[in-house]
Amino acid sequence: MPFAFKKDDIYSFSDYLTWPDEERWEIIDGRAYNMSPAPKIRHQRIVSLIDRKLGDTIESMGCRLFIAPVDVVLDDFNVVQPDIFVVCDKDRITEDNIQGAPDLIFEIISPSTELMDRREKKDLYERFGIKEYVIVFPEKEYIERYALVDNKYSAPEIFNWDDEFMLYAFEIKMNMWEIFERVKKAG
């Protein structure tokens, strides 16, 4: 049974399908990345809060919201499992996975994945035309948002825990203090 341990090997989606189901891997440009260990509780709380905040509104717009682990097959050498993502083109949704680029992706940073989320995944998502990419930093309590303009991501917009921001792709306002479970004082 093949395992994706050798960093010099190039892997494809067909290789990925042979790996054990109990392990979480992603493939970026043919390189395999182990997504273990499981995320921390705060990471999962943020995923849950964003899911609850966006879920009904996204669905009412005719789109679908997903949370990991769900395979997003961008092409044969790029398979990712974003923490949260939205797909509006229902033809991309199959029984087994998502075929093609989502419209919006959230990645919740874990210390072990921060560099990959900020570098490899940002470049990958830009290349595949994901309209909006939001990186959430649970420990530092802020987010970076990238919006696709002329097929390139703009400089990141940074929002602190006490800010609110509007998702470009869906015009949904989010209060960051709710996502980080903080209390914002009036005034």
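Just so you know, all these numbers are worked out from the coordinates, no wet-lab data involved. Please read these numbers as outputs of a predicted model, since none were measured by experiment. With ideal geometry, Cβ positions are generated from the backbone for all residues, glycine too; neighbour counts draw on all protein chains shown.
The convex hull of the Cα atoms of the chain, projected and averaged over all directions, covers 11.3 nm². For a paramagnetic label modelled at 7 Å from the Cα of Ser60 toward its Cβ, which residues of region 147-167 fall within the zone defined by backbone nitrogen distances under 17 Å? Once the point is set 7 Å along Cα→Cβ of Ser60, 167 turn out to lie under 17 Å by backbone N, inside region 147-167.
Which order do Arg92, Arg52 fall in if you start with the one that has the fewest other Cβ atoms within 10 Å?
Details: Arg92 17, Arg52 10.
Result, fewest neighbours first: Arg52, Arg92.
Listed by chain and number, the lysines placed with their C-alpha closer than 27 angstrom to that of Lys90 are Lys53, Lys121, Lys122, Lys131, Lys152, Lys173; residues fewer than eight positions away on the same chain are left out. Of the residues Ala101, Ala155, Ala32, the one that moves most in a GNM of the chain with alpha-carbon contacts below 10 Å is Ala155. Of all the options Glu157, Glu120, Glu22, the one that moves most in a Gaussian network model of the chain with Cα springs shorter than 10 angstrom is Glu22.
Rounded to the nearest 10 degrees, the inclination of helix 41-60 to the longest alpha-carbon principal axis of the chain is 80 degrees. Across region 166-181, rounded Karplus estimates of 3J(HN,Hα) from the backbone phi angles (6.51 cos²θ - 1.76 cosθ + 1.60, θ = phi - 60°) give 10, 5, 4, 5, 9, 6, 10, 7, 10, 8, 5, 5, 6, 5, 8, 6 Hz, Gly and Pro being marked x. Shown in residue order for region 134-139 are the 3J(HN,Hα) couplings computed by the Karplus curve 6.51 cos²θ - 1.76 cosθ + 1.60 at θ = phi - 60°: 10, 10, 9, 10, x, 5 Hz (x for Gly and Pro).
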